[in-house]
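Step one of this worksheet: look at the structure below.
We did not get these values from a lab; they are worked out from the coordinates using the rules stated. All values derive from a computational prediction rather than experimental measurement. Cβ placement follows ideal geometry from the backbone for every residue including glycine, while neighbour counts extend to all protein chains displayed.
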Amino acid sequence: MTYARDHHYSVVAIDNLPGAHPLESFVLPRRAILLFGQEGSGLSADAREAVDTVCSIAQFGSTRSINAGVAAGIAMHAWIRRHALS
Ligand SMILES: C[S@@+](CC[C@H](N)C(=O)[O-])C[C@H]1O[C@@H](n2cnc3c(N)ncnc32)[C@H](O)[C@@H]1O
């Protein structure tokens, strides 16, 4: 977190926590560090407190969460769509 602050990055956690911003409508900052949780336990309490914001990925159906690798691909592609193509 010190590195992020010192280098002017926002740390954006990606997790399906209560109160998270929907990734589909959230504008990811260009200078973003994306943080993902562990399979099973998700983000630690310390990580939840340290990040600047949390974004969730919409799901359809009864599955509570997708795996971290899938979530990472979706979130990184959201950043690419916003910042890397123009
Ligand atoms: C399998 S999930 C486990 C924790 C999750 N909070 C849960 O309810 O089961 C592992 C990681 O994948 C990511 N992830 C899974 N589903 C997600 C979703 N719908 N939105 C955002 N991130 C998600 C998060 O980084 C999460 O910490």
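Any number yet on Rg/Rh for the chain, C-alpha, Kirkwood?
0.95
If each residue's Cβ is checked for other Cβ atoms within 10 Å, how do 3, 9 rank with the fewest at the top?
Ascending Cβ contact count within 10 Å gives the list 3, 9.
Could you check the simple spin-label distance between residue 81 and residue 50, using points 7 Å along Cα→Cβ, in nm with one decimal?
Placing both labels 7 Å along Cα→Cβ, they lie 3.0 nm apart.
Using the Cα centre as the reference, give the magnitude of the dipole from point charges on the C-beta atoms of segment 2-83 (Lys, Arg: +1; Asp, Glu: -1; all else neutral), rounded to the nearest 20 debye.
Value, rounded to 20: 300 debye.
For the pair residue 60 and residue 9, what calculated FRET efficiency results from E = 1/(1 + (r/R0)^6), where r is the Cβ-Cβ distance and R0 = 35 Å, to the nearest 0.05?
Computed FRET efficiency for residue 9 and residue 60: 0.65.
Among 19, 35, 58, which residue has its Cα furthest toward the positive end of the charge dipole of segment 2-83, with +1 on Lys/Arg Cβ and -1 on Asp/Glu Cβ?
58
Quick one: length gained pulling residue 68 to residue 38 fully straight, 0.36 nm per residue minus the C-alpha distance?
10.1 nm
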